[in-house]
Structure formats: structure tokens, C-alpha cells
Amino acid sequence: MKCDLYVITDEAISNGLSHAEVAKRAIAGGADVVQIRDKNYGCHELFFVGKVIRALTKKTKTLFIINDRLDVALACGADGVHLGQDDIRACVARQIAPPGFIIGVSVGTVDEAVRAEQEGADYIAVSPVFPTASKGDAGPGHGLDALRKIRNKVTIPVIAIGGISQENAGDVIAAGADGVAVISAVVGSPDITRAARELKAIVRKAKRIFNEHNREKTR
């Protein structure tokens, strides 16, 4: 699963742009994964927006994830669903989903991370790493130490989310994250495409340094 840059759409901070337009611009900037997240949309609205974004992401082979709503994700042909701790369990979603369907789970502790992997999650998102205003219910940041501990206990990809910016993206990669998920750092930018491109370049550079460091340690 390629997940250097995972962009989550949010119309509340997108300067008037729709979910679809945000997705289009983020993809142009190199987003590997696009997730639609909108707590105000009903099932009907989310389905139709999802169909539009599904069409965009199919053209570019960008992964498309829907937050929370497994039913909508399946109905509009998304690549996967992202689940919170209060949503349907990953093991239950896995029973319903077709082969190859991606299931991500938000976690905040080692126990939650290990359980998510055991229950069939394809990736986990450590949320939030730093304090963030993008999710009012996110709580305080868990920090880089928690991210390192979680990375050491699971084998599936670990995404860092919450307060991620160009200034600290390299730090979360150095702590073991496989990629970063962002809202405001890209969606809230006046130039979404440029912000995505710059952030992805930072992540890729940090991953090269991290991998080189690990190779040196094993020699």
C-alpha cells in the first residue's frame, strides 16, 4: 500500500472548494490516498460525492477511502473504508467486504494497534500525533514516543495524522511512520496542489534518510 501522502477532504476549511475539487487538486499534487470525511453529509449525499471522486481516482490509480461508512464505501466502489474506535470493528467489516478491500483503523495506543492488526486491518492511523484543530474530538496529541512504540508492535503500515505539517512531517517519518495523513496542511492551503507536492517531497526525502540510516545500522 503506497501511502506517503494521504489527504483527507474537508469542505469546512477548503476555501469554498467541494470535496471533489479538493480531491482533484490533491491528486494533481501527488496524493497517494484520498479520503472523504464529512460528518454533516447524509448517506445519499456521501454516495454521490463518492461516485464523483471514485471516477477521478480511477483515472490516476489513486486509492480512495471513505471515512466511517462501510455501506457507502461498498456502494460507490471505493477502495476501502477508514474506521474509528467507535465504529464497526475491523473483523466485522472484513466479513462483509470483498477480497482486496482496504480497511484502516484509527488508534491511539499499542493495545488498539495490535488489536486492529489482529482483526484484519490493512493499515492503522495513529491519531492524533500532535494537537490538531481539524478534528474537535481528537483529544491531545499522543506524541512521537507513542508513535515509535506502536510502530514496533505491528507489521502493517502506520500512518501518522493530527497536526502534521511541513515542519514536522520529517519527524514522524523518522519515528517510523510509513506516511502522513493531513487535512489542514493541504486542504486549507490557498494552493492545494502545491502544498501536496511540497509535503510529499518532504516525506519522500525523510523516508530515504530513514531507510539509509537503517541500512547503516544493519551493516
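The values are calculated or read from the model by the stated rules, or taken from the named source; none is laboratory data. The structure displayed is predicted, hence computed values, not measured ones. Here the Cβ is made from the backbone with ideal geometry for all residues, glycine too, and neighbour counts use every protein chain on show. Surface accessibility is based on the protein's heavy atoms, side chains included, excluding ligands, DNA and RNA. Shrake-Rupley method; radii C 1.70, N 1.55, O 1.52, S 1.80 Å.
Here are some notes:
- Test: residue in the stretch 61-81 that is more than 25 Å from V114 (Cβ to Cβ), more than 15 Å from the chain's Cα centre (by Cα) and polar (S, T, N, Q): no
- Exactly one residue out of K39, K51, K59 is over 29 Å from T155 (Cβ atoms), in contact with a Cys (Cβ under 7 Å, 6 or more places away or on another chain) and basic (K, R): that is K51.
- Of all residues making up the stretch 163-182, the number that are in a loop (DSSP other than H, G, I, E, B), open to solvent by less than 30 Å² (accessible area, probe 1.4 Å) and out of contact with any Ser or Thr (no Cβ under 9 Å at 6 or more places or on another chain): 4
- Meets criteria (among the acidic types (D, E) and within 27 Å of D191 (Cα to Cα)) for D79: yes
- Here V114, V154 are screened, and the one residue that is within 27 Å of A97 (Cβ to Cβ), part of a helix (DSSP H, G or I) and over 14 Å from the mean Cα position of the chain (by Cα) is V114.
- Which numbered condition K59 misses (of (1) modelled with pLDDT of 95 or more; (2) touching a strand residue (DSSP E or B) at 6+ places or on another chain (Cβ under 9 Å); (3) of a type in the set (D, E, K, R)): (2)
- Extreme residue, farthest from N67 (Cα to Cα), among residues of the stretch 1-52 that are open to solvent by 60 Å² or more (accessible area, probe 1.4 Å) and in contact with a Ser or Thr (Cβ under 6 Å, 6 or more places away or on another chain): A28
- For the stretch 105-143, a residue qualifies if it is within 21 Å of I36 (Cβ to Cβ), open to solvent by 50 Å² or more (accessible area, probe 1.4 Å) and at pLDDT 95 or above, and exactly one does: D122.
- Hits in the stretch 183-201 - residues which are over 19 Å from S127 (Cα atoms), hydrophobic (A, V, I, L, M, F, W, C) and open to solvent by less than 30 Å² (accessible area, probe 1.4 Å): I192, A195, A196
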